[in-house]
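The values are calculated or read from the model by the stated rules, or taken from the named source; none is laboratory data. Just so you know, these numbers come straight off a predicted model, no measurement behind them. Cβ sites come from the backbone with ideal geometry, for glycine too, and all protein chains shown count toward neighbours. SASA here: full protein model, heavy atoms, side chains in, ligands and nucleic acids out. Shrake-Rupley method; radii C 1.70, N 1.55, O 1.52, S 1.80 Å.
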Amino acid sequence: MFEVWSQRGGLKGVFQKALFNSYPKPNSYATGDGLNTAGYIWNPPTRNEGPNYMGRVDHNFNTDNNLFVRWLQADQNTREGDPLNARPQVFPGFPPLGEVFRSTKNLAVSYRRVISPRVVNEFTAGFARFVFLFTQGEANPAFPDVPPYQNGFNNMISLPYINTPRTFRAVTTPQILDNLSIVSGAHVFRLGANVRLYQHNDQRGQPGGTNVTPLLSFMSNIRTPVGFNTPAVGAGSIDATDSNNLNGAINDILGIPARLSQVFLGDLSADAFLPFRSGKSVTLWNQGHRLKQYNFYFQDEWRVRQNVALNYGVRWEINLAPSESHGRVYVPDKPINGTQGLVTFRKTDRWYERNNVGALAPRLGITWSPTSKLVIRSGYGIAFDPISSFQVTAVSGKVPGLTFSCSATVGGATTPGCAAVPDIRIGDGFPLELSTPNTRPSSFLTPPAQILTNAPNLTVFDQQLKLPTVHQWNLSIERELPWGMVAQVSYIGRRGTRLLRAYDSNQINADGILPSFLLMQQNMRNGCRPDGTGCANGVAIPIVTSGIANSTFVNSTTTQSDLTLNAAGNFAGRVEQTTLAAKLRPNQQFATITCIDSGGDSYNHSGQATLRKRFSGGLLAGVAYTYGKSIDDQSVDPVGSTSGGALSTTNSRTPTDTRDWRQERGRSDFDRRHVFLANSLWELPVGRQKRFASGIHPVLNHFVGGWSINGIYTYMSGEPFAVRSGVRTSNFSHESRADIVGPKPEVRLQEVPGIIGPVVFKDATGFAIPAPGTNGAGRNIFEAPGYWNLDLGIGKRFDLSERLNLQFRAEMFNALNHPNFDNPRDSSAGSPSIRSTVFGQTCCQTVAPPTTQTIISTGESGRVVQFALKLLW
């Protein structure tokens with residue numbers, strides 16, 4: 001009748017009530033209804049640990065031959081819970097929902113040979129290995145014998161277990177380098193090679209962001225318990241909310257399941273779907289991606305004259321398209337643009353066609369010293385940015401047929417090809433896993449056209465992907481000044497072409513339904529129903545008369561909300577969710593198609609000035625100022641933090657409209673117009689052998705001598721941001737930006753009663769929702785408030801003996817405890833959407849930074865003080 005989880009015996013049909021009884025008693029009634037449900041508040045633990053090792057051996061065989069071997073190893077593990085990734089320990093005494101294990105290893109063996117006084121060769125071989133393990137279910141010693149109830153209860157219970165298996169990632173990079181140096185007269189020739197062979201191996205329980213574990217639901221809105229004498233909803237009895245909670249509690253406690261869902265992994269090589277378990281092991285998605293990079297270079301440092309040096313050369317990079325260790329590569333047989341019929345995925349040997357073997361990067365630099373105190377430098381070069389192996393995993397995790405979702409509802413629908421479930425309780429033997437589907441993964445390689453709701457998402461490479469290229473040029477003038485000072489002014493320019501970008505190439509645009517949408521708005525303004533009925537002067541709607549949509553759909557309250565908000569893009573998406581007739585998607589086999597191509601573009605220009613004082617007289621100081629501007633059409637990592645591309649309808653880094661990239665051109669998200677930096681180190685001139693109290697007694701010198709102060713002051717102007725309308729007015733892929741009403745609103749930190757932290761806009765009165773089919777104002781036209789910070793350090797040196805001294809340091813990051821509030825786009829609790837209840841807010845950090853990060857560059861952090869003690873001999 002009931003069941004609990006047994007660590008030794010797995011899932012047993014006994015008492016589920018015992019699981020609930022193991023929870024701690026509630027200590028907070030801020031959540032729940034104050035009577036039947038409540039919450040539990042506590043501070044869950046977390047611990048960061050891990051040693052670091054370094055070892056190096058140098059050996060000189062003779063004056064012409066020497067060798068070194070170096071080994072580096074470091075671990076950084078997050079134990080007892082992983083709150084940074086929302087996987088804490090839910091209740092005291094329960095296993096955490098996840099832990100993180102990070103391990104790095106690096107080996108280098110280098111042999112240097114002096115062939116002749118003018119010829120030297122250095123050969124280095126080694127490898128680097130990075131392992132990242134997110135344990136989730138495995139954080140529970142009983143995994144995989146844990147209940148598959150994640151998110152399956154009736155929204156009244158926080159399940160203290162997780163049955164999602166780990167995500168394991170290991171990147172191993174064998175590397176070989178060889179550098180040959182030849183001195184010939186006024187020339188120093190250098191040539192060499194650098195070979196990197198990336199091996200990226202993945203094991204995941206969530207390929208492409210899809211959880212491949214069983215999910216058992218007890219939701220009462222799916223299966224209402226029968227045979228119980230519960231109160232009828234009505235006056236003087238029980239309201240609808242409490243009735244739903246009561247029915248849900250019956251299902252939860254008595255173990256009355258409503259639905260069993262499960263995602264199965266497909267093995268395209270064997271053309272079969274795999275079971276969740278193989279014996280006591282959980283079946284994981286397992287792929288190994290291989291990226292091979294071969295780099296060669298030639299360079300000449302030519303001393304043209306005594307005061308003129310010319311540096312020129314060329315670098316040749318061969319960056320082969322990535323492959324998979326067992327040939328499990330499937331790509332579309334044609335461009336996915338909807339103009340060539342259904343797309344079929346075919347097996348091939350690499351993830352895109354173009355191999356990028358002809359990447360030549362010339363470089364030229366000149367240095368001229370007109371006088372002994374003046375140096376002028378200038379140069380130009382090209383650099384390439386090879387694709388990351390993490391981008392390959394984003395694509396490989398979305399291949400059709402890789403996963404298949406089964407859903408079986410008690411007494412209801414079952415996904416075709418999947419097993420049905422019986423109408424019994426858990427204690428009577430209800431299955432906790434579905435049997436393997438009888439359909440074939442290969443049948444999904446040509447997905448059928450289907451409505452948006454049922455269509456799968458996809459991530460693909462442009463098959464003609466080019467190598468991201470950056471052109472760089474600079475001019476600097478450096479001058480030595482009196483008192484040990486050096487001044488330098490520079491201009492630096494960069495031009496990025498063929499940059500990687502990510503976007504929805506299957507964007508649903510409102511164009512096809514816009515005439516109907518405008519007529520529907522006109523009907524409503526005239527007091528009619530949206531379809532034109534219910535009044536004398538209503539106008540017929542083309543999408544209704546053509547049969548694409550019916551009057552019920554058009555007249556619904558949801559549609560009326562879209563009409564009120566100018567949400568033509570949202571309405572277009574809803575049409576695609578109900579019918580294929582409108583053909584609003586370029587390809588109706590898929591929903592979102594995250595395309596990674598090389599169409600990005602950027603510019604960066606900056607002027608820089610520095611003034612440095614060399615260390616003398618106990619003082620070192622420097623100031624630097626940069627005035628610059630960065631412009632691009634997308635400031636996004638094409639993969640981001642998720643395998644889906646980190647793009648969404650509300651993400652400010654998602655392009656507003658992929659039909660017109662020119663409107664995305666604007667200041668880069670990371671652009672800072674002004675940056676000022678000052679640093680100094682001052683050894684106080686007090687104590688023995690100093691300017692003041694130089695003859696002080698050694699005992700007193702321990703107190704007054706050996707003090708030093710250092711500081712770093714940073715100021716940066718704010719980052720740019722855009723204000724969103726909160727409405728999909730143009731397309732279904734992204735919210736548009738807000739229109740500006742009247743003068744451009746001023747961005748200014750200001751306090752508003754009842755809101756924690758300042759806001760940059762008091763309200764949204766200066767903005768408006770754009771007209772249907774339009775995208776609003778430009779990108780990143782507002783600038784957030786600036787940032788400044790002061791870090792201080794105080795040091796004290798104790799000379800214990802001639803060879804022994806003790807050093808003490810006190811370091812204060814954000815020494816003045818000055819708050820720096822972020823822009824609404826990146827703040828923890830704010831939003832740049834004019835329809836958000838937290839619009840314009842800039843506060844406040846909700847998760848403490850990890851121990852490796854003491855200061856957040858954009859603010860919200862408090863003062864951090866740390867002490868250090870070091871003994872030198």
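Over the alpha-carbon set of the stretch 501-609, work out the extent along each principal axis and list the three values in angstrom, largest first.
71, 39, 19
Kindly provide log₁₀ I(q)/I(0) values, in the same order as q = 0.10, 0.14 Å⁻¹, from the Debye equation applied to equal alpha-carbon scatterers of the stretch 358-490.
Here the Debye-derived log intensity ratios amount to -0.65, -0.89.
Taking +1 at the Cβ of each Lys and Arg and -1 at the Cβ of each Asp and Glu, which of V183, F132, G93 sits farthest along the dipole of the stretch 42-189 towards its positive end, judged by Cα position relative to the Cα centre?
Value: V183.
Can you give the accessible area of W788, probe radius 1.4 Å, in Å² rounded to 10?
80 Å²
Please find the FRET efficiency linking L107 to S269, where r is the Cβ-Cβ separation and R0 is fixed at 41 Å, and quote it to the nearest 0.05.
So, using R0 = 41 Å, E works out to roughly 0.75.
Find which of A394, A38, F703 sits farthest along the positive direction of the dipole of the chain, computed with +1 on the beta-carbon of Lys and Arg, -1 on that of Asp and Glu, about the Cα centre.
F703
Assuming R0 = 22 Å, can you tell me the calculated FRET efficiency for the pair N21 and I41, based on Cβ-Cβ distance, to the nearest 0.05?
In this case the efficiency is close to 0.65.
Any chance you could list the semi-axes, whole Å, largest first, of the equivalent ellipsoid that the Cα gyration tensor gives for the stretch 725-847, using √(5λ)?
Equivalent ellipsoid semi-axes, largest first: 47, 15, 12 Å.
Lone cysteines in the chain, defined as no other cysteine's Cβ under 4.7 Å from theirs: which are they?
C595
Considering all projection directions equally, how large on average is the shadow of the alpha-carbon convex hull of the stretch 256-400, in square nanometres?
Value for the stretch 256-400: 17.9 nm².
Gap in Å between the Cα centre of the stretch 603-629 and the Cα centre of the stretch 672-709?
Comparing the Cα centres of the stretch 672-709 and the stretch 603-629, I get a distance of 23 Å.
Below 8 Å between Cα atoms, with a sequence gap of 6+, how large is the relative contact order for the chain in percent? Don't skip to the end; give the middle numbers.
Values: 2225 pairs, mean separation 64.6, N = 873.
For the chain, the relative contact order is 7 percent.
Hey, what do the phi angles of the stretch 571-586 turn into as Karplus ³J(HN,Hα) couplings, whole Hz, using 6.51/-1.76/1.60 and θ = phi - 60°, x for Gly and Pro?
Ordered by residue, 3J(HN,Hα) equals 4, 4, x, 5, 4, 5, 7, 10, 8, 9, 5, 6, 6, 8, 9, x Hz.
Tell me which of Y53, S237, P83 sits at the most positive position along the dipole axis of the chain, charges placed on C-beta atoms (Lys, Arg +1; Asp, Glu -1).
Y53
Once you keep just the Cα pairs under 8 angstrom separated by 6 or more residues, what percentage relative contact order results for the stretch 61-108? Mind dumping the intermediate values first?
Numbers: 68 pairs, mean separation 21.1, N = 48.
Once normalised by length, the contact order is 44 percent.
Can you compute the radius of gyration and Dmax for the stretch 23-97, using only the Cα atoms, both in Å?
Computed over the Cα atoms of the stretch 23-97, radius of gyration and Dmax are 25.0, 85 Å.
For the stretch 691-788, what relative contact order do you get, as a whole percent, if you take Cα pairs closer than 8 Å and at least 6 residues apart?
Value for the stretch 691-788: 36 percent.
Would you list, by chain and number, the aspartates and glutamates whose Cα falls below 12 Å from the Cα of K466, excluding same-chain residues fewer than 8 positions away?
K466 reaches E353, D385, D597.
Whole-Å semi-axes of the chain's equivalent ellipsoid, largest first, each the root of 5 times a Cα gyration tensor eigenvalue?
Ellipsoid semi-axes (Å, largest first): 54, 36, 34.
Using modelled amide H (1.01 Å from N, peptide plane; none on Pro or chain starts), what sits under 5 Å from the amide H of Y503, excluding residues fewer than 5 places away?
C595
Leaving ligands and nucleic acids out of the surface, order T371, T594 by accessible area at 1.4 Å, largest first. Can you show the working numbers first?
Working: T371 65, T594 10 Å².
Reading off the accessible areas and sorting them downward yields T371, T594.
Keeping all protein chains in position, work out how much accessible area C535 exposes to a 1.4 Å probe, and write it in Å² to the nearest 10.
Solvent-accessible area, nearest 10 Å²: 50 Å².
Work out the length of the dipole vector of the chain about its Cα centre, built from +1 on the beta-carbon of each Lys and Arg and -1 on the beta-carbon of each Asp and Glu, and round it to the nearest 20 debye.
For this selection, approximately 2420 debye.
At 0.36 nm per residue, minus the direct Cα-Cα distance, what do S369 and Y294 gain on full extension? Give it in nm, one decimal, please.
Difference between extended and current length: 23.3 nm.
Going by Cα centres, the stretch 718-792 and the stretch 389-454 are how many Å apart?
After rounding, the separation between the Cα centres reads 42 Å.
Could you calculate the FRET efficiency of Q464 with A125 from 1/(1 + (r/R0)^6), where r is the beta carbon distance between them and R0 is 45 Å, rounded to 0.05?
0.85
Treat every Asp and Glu Cβ in the stretch 645-793 as -1 and every Lys and Arg Cβ as +1, leave all other atoms uncharged, and give the resulting dipole magnitude about the Cα centre to the nearest 20 debye.
320 debye
I'd like the distance between the alpha-carbon centres of the stretch 282-332 and the stretch 58-74, rounded to an integer number of Å.
Answer, in whole Å: 27.
Could you tell me the accessible area of R479 in Å² (1.4 Å probe, neighbours in place), rounded to the nearest ten?
Spelled out: R479, probe radius 1.4 Å, area about 110 Å².
Can you sort I593, I548 by 1.4 Å-probe accessible area, starting with the largest?
Highest to lowest solvent-accessible surface, that is I548, I593.
How far is helix 514-525 tilted, in degrees, relative to the longest principal axis of the Cα atoms in the chain, given as a value from 0 to 90 rounded to the nearest 10?
60 degrees
Identify all lysines with a Cα-Cα distance to K629 below 25 Å; exclude those on the same chain that are fewer than 8 residues away in sequence.
By straight Cα distance, K629 reaches K744.
Could you put K744, K583 in order of accessible surface area, largest first, with the 1.4 Å probe and the full protein assembly present?
Ranking K744, K583 by accessible area, largest first, yields K583, K744.
Straight distance only, please: which lysines reach the Cα of K25 with their own Cα at less than 24 Å, same-chain residues fewer than 8 apart left out?
K17
Per the Kirkwood formula on distinct C-alpha pairs, the Rh of the stretch 491-563 is how many angstrom?
Hydrodynamic radius (Kirkwood, Cα pairs) of the stretch 491-563 is 14.6 Å.
If you wrap a convex hull around the C-alpha atoms of the stretch 213-328 and split its volume per residue, what is the figure in Å³?
Looking at the stretch 213-328, the number lands at 290 Å³ per residue.
With +1 on each Lys and Arg Cβ and -1 on each Asp and Glu Cβ, and nothing else charged, work out how big the dipole of the stretch 173-295 is about its Cα centre, in Debye to the nearest 20.
Computed charge dipole of the stretch 173-295: roughly 540 debye.
Considering all projection directions equally, how large on average is the shadow of the alpha-carbon convex hull of the stretch 163-259, in square nanometres?
Working: hull surface 51.1 nm².
So the mean shadow area of the Cα hull is 12.8 nm².
So which of K292/K398; K613/K690; K105/K280 end up more than 29 Å apart, counting from Cα to Cα?
K105/K280
May I ask for the equivalent-ellipsoid semi-axes of the stretch 680-724, computed as the square root of five times each C-alpha gyration tensor eigenvalue and listed largest first in whole Å?
For the stretch 680-724, the semi-axes come out at 45, 9, 4 Å.
Through the Karplus equation 6.51 cos²θ - 1.76 cosθ + 1.60, θ set to phi - 60°, convert the phi angles of the stretch 673-684 into ³J(HN,Hα) values in whole Hz; use x for Gly and Pro.
Once θ is set to phi - 60°, the couplings for the stretch 673-684 become 5, 10, 9, 10, 9, 10, 9, 7, 9, 10, 8, 4 Hz.
Summing -39500 (n - 2.57) over the DSSP H runs of n ≥ 4 in the chain and dividing by its residue number, what mean residue ellipticity at 222 nm do you reach, to the nearest 500 deg cm²/dmol? All intermediate terms of the calculation are to be shown ahead of the outcome.
On the way: 9 runs with 72 residues, N = 873.
Dividing the helical sum by the residues of the chain leaves -2000 deg cm²/dmol.
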